Amino acid sequence: MKKRKVILQAILCAAMLLSACGGEKAAETSSLFEQTGNETAAGQEVSGESSEQKEAADNGAGQVAEQKDTAGNASDVLTKEQAYNAVINYNKAIGSGIDDELNSEGYTEYWDASTNENGEIVVLFRSYTGSQTRYYVNPTTGETYVTELVPGIIDEEQKNGETFNARDYLTATEQNDSTSAESNSSSVPVEYETADGFMASFLLSSDRDKIDTTNDYGVLYRVVYEASLSGDELVACGSMDYRNFKDQDPITISSDVKHVFKVDDNTVYQKDGEQGTETISKEEFAEYLTSLKDSGMYFDVEISGGVVKSALLSAQ
């Protein structure tokens with residue numbers, strides 16, 4: 001009888017243990033399903049996020065494309081550095097004598113680039129003579145016009161009639177040493193002026209088309225549209241009058257000619273200023289020929305013994 005009770009108790013204990021183990025396995029199985037369910041939900045959430053990310057990516061791609069277009073448009077706008085380089089290249093191409101090789105012998109000469117209130121890039125060249133040449137560059141189109149200001153002579157900034165497109169000069173172009181690639185005088189006859197006397201005209205670079213025409217008084221226009229001084233040659237392209245004596249009326253007035261005068265160490269260079277007529281250096285005179293090329297300044301040359309005795313710029 002005791003044995004049966006023991007066996008019965010053993011059976012009951014075994015049943016209880018099996019029941020407990022079954023519960024744990026059931027709980028474990030439930031837990032695994034829940035995890036599977038969570039993984040599936042998570043997978044659905046990831047799938048949902050991927051869809052949103054795809055939409056965001058599409059939007060992002062559109063924004064990137066738009067940014068690229070904007071960047072492309074921005075790259076079409078000239079920077080100050082590009083405008084400055086274009087101005088330098090332009091001056092080298094036309095042989096104006098103004099470039100980035102500044103005079104370093106104690107003179108106040110410099111370049112500057114800024115943006116004005118109209119959005120134009122203003123490239124300034126201040127010569128050691130005090131003259132100021134400004135290049136106004138439209139950063140979008142590249143269209144450029146030039147002004148001059150010469151204290152004591154041209155006290156108000158004035159357009160000199162010179163225009164070009166800066167985009168045409170973003171890269172340097174080769175220049176023939178003997179003649180400018182864009183020289184206005186390349187096709188006109190050359191005259192070497194050696195006869196004693198006086199020859200004169202007016203610096204008007206924008207009025208070349210007036211040569212061989214007359215004013216309201218029937219007098220032929222005298223126009224020098226291009227002038228330079230280098231080495232032993234003073235060059236003036238355009239129409240000039242000739243006189244035997246300084247105060248004499250013109251005897252002849254040339255057509256469109258490249259007048260070449262010989263200069264030497266004894267040639268005197270003069271310019272009218274606030275203190276009257278003053279003697280200046282050859283380098284200063286050469287600079288004035290460039291900076292005043294459309295100023296209407298009177299340009300008078302005296303020749304003696306086949307050589308220029310004196311050259312004068314005055315506000316006549």
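The values are calculated or read from the model by the stated rules, or taken from the named source; none is laboratory data. The model shown is predicted, which means the values in this text are computed figures rather than measured ones. Note that we place each Cβ from the backbone using ideal geometry, even for glycine, and neighbour counts take in every protein chain shown.
Are there any pairs, at least 6 apart or on different chains, whose C-beta atoms fall under 6 Å, with the first in region 225-238 and at negative phi and the second of a type in the set (Asp, Glu), and if so, which?
The qualifying pairs are Cys237/Glu226.
Among residues belonging to region 123-153 that are out of contact with any strand residue (DSSP E or B) (no Cβ under 6 Å at 6 or more places or on another chain) and β-branched (Val, Ile, Thr), point out the one that is surrounded by the most Cβ atoms within 10 Å (Cβ to Cβ).
Checking each candidate, the answer is Thr129.
Taking region 279-315, which residues are in a loop (DSSP other than H, G, I, E, B) and either over 17 Å from Ala227 (Cβ atoms) or without any contact (Cβ under 8 Å) to a residue 24 or more places away in the chain (or both)?
Applying the first criterion (in a loop (DSSP other than H, G, I, E, B)) to region 279-315 yields 281, 292-297, 305-306, 315.
Passing the criteria: Ser281, Gly305, Gly306.
Just the residues that are among the small types (Gly, Ala, Ser) and at pLDDT 60 or above, please, taken from region 142-186.
Across region 142-186, the qualifying residues are Gly142, Gly152, Gly161, Ala166, Ala172.
Kindly check whether there is at least one residue in region 220-243 that is within 22 Å of Thr129 (Cβ to Cβ), charged (D, E, K, R) and buried (at least 19 other Cβ atoms within 10 Å of the Cβ).
For region 220-243, residues within 22 Å of Thr129 (Cβ to Cβ), charged (D, E, K, R) and buried (at least 19 other Cβ atoms within 10 Å of the Cβ): present.
Got a number for residues in region 263-278 being without any contact (Cβ under 8 Å) to a residue 40 or more places away in the chain and either touching a Phe, Trp or Tyr at 6+ places or on another chain (Cβ under 9 Å) or closer than 18 Å to Ser230 by Cβ (or both)?
Residues of region 263-278 that are without any contact (Cβ under 8 Å) to a residue 40 or more places away in the chain, as a first pass: 265, 275-278.
Then keep just the ones that are either touching a Phe, Trp or Tyr at 6+ places or on another chain (Cβ under 9 Å) or closer than 18 Å to Ser230 by Cβ (or both); that gives 265.
So the count comes out to 1.
Show me the strands (runs of 3 or more DSSP E) entirely contained within region 86-172 in which 3 or more residues are over 22 Å from Glu274 (Cα atoms) and touching a residue at least 60 places away in the same chain (Cβ under 8 Å).
It comes to 154-165.
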